[in-house]
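The values are calculated or read from the model by the stated rules, or taken from the named source; none is laboratory data. The structure presented is a predicted model; accordingly, all values stated were derived computationally and were not measured. As a convention, Cβ positions derive from the backbone with ideal geometry for all residues, glycine included, and neighbour counts pool all protein chains shown.
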Amino acid sequence: MATIYRWALPRQRLPLNDPSELICSNSFLLDSAAYDLVEIMQRKHPHIYDRAFGKDPAFWTEASPYRRLTGAPAPMFLVCSTKRNDACPPAQTFASRATELGRKITVLPVDMKHGELNKELGLPSDYTTTIENFMRTLGLP
């Protein structure tokens with residue numbers, strides 16, 4: 001059984017039926033900078049990453065979406081805050097790699113802080129409408 005790691009809690013594992021589920025289900029990622037954990041952990045980084053991902057390079061590779069991206073993933077929508085220097089470049093890099101593998105990933109840079117992205121999603125706005133329109137292309141309500 002494959003595992004996915006909840007990034008909010010250190011090494012808490014959630015079961016998946018198939019290892020490819022991490023990048024093969026329709027996904028919406030809100031303002032993550034942690035697409036390539038190996039790269040992050042090998043440079044100076046916020047301490048929250050140490051608590052979440054520990055000191056094991058093998059674990060970083062296993063939990064890294066970028067490192068697990070080996071085939072064209074299902075459609076994904078990545079939202080990133082333009083108010084953070086470390087949010088949009090990794091999202092763009094991940095999307096570029098997915099494009100090389102045959103899938104276009106949508107990246108939406110938004111001029112909001114991290115907490116605002118969570119709080120404002122679902123409220124009437126261009127931000128919410130853009131995400132809802134993407135969801136409709138997937139056949140979602």
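Things worth noting here:
- So Leu123, is it without any contact (Cβ under 8 Å) to a residue 40 or more places away in the chain, assigned to a loop (DSSP other than H, G, I, E, B) and out of contact with any helix residue (DSSP H, G or I) (no Cβ under 8 Å at 6 or more places or on another chain): yes
- Verdict on Ala87 being in contact with a Pro (Cβ under 9 Å, 6 or more places away or on another chain) and either of a type in the set (A, V, I, L, M, F, W, C) or in contact (Cβ under 8 Å) with a residue 60 or more places away in the chain (or both): yes
- The C-beta contact set for the range 31-51 (first residue under 27 Å from Leu121 (Cβ atoms), second residue surrounded by 16 or more Cβ atoms within 10 Å (Cβ to Cβ) and polar (S, T, N, Q), distance under 9 angstrom, 6+ apart or interchain) comprises Asp31/Ser81; Ala34/Ser64; Tyr35/Ser64; Asp36/Ser64; Leu37/Ser64; Ile40/Ser64.
- Selected residue [part of a loop (DSSP other than H, G, I, E, B), touching a Lys or Arg at 6+ places or on another chain (Cβ under 8 Å) and at pLDDT below 90] from Ala74, Ala98: Ala74
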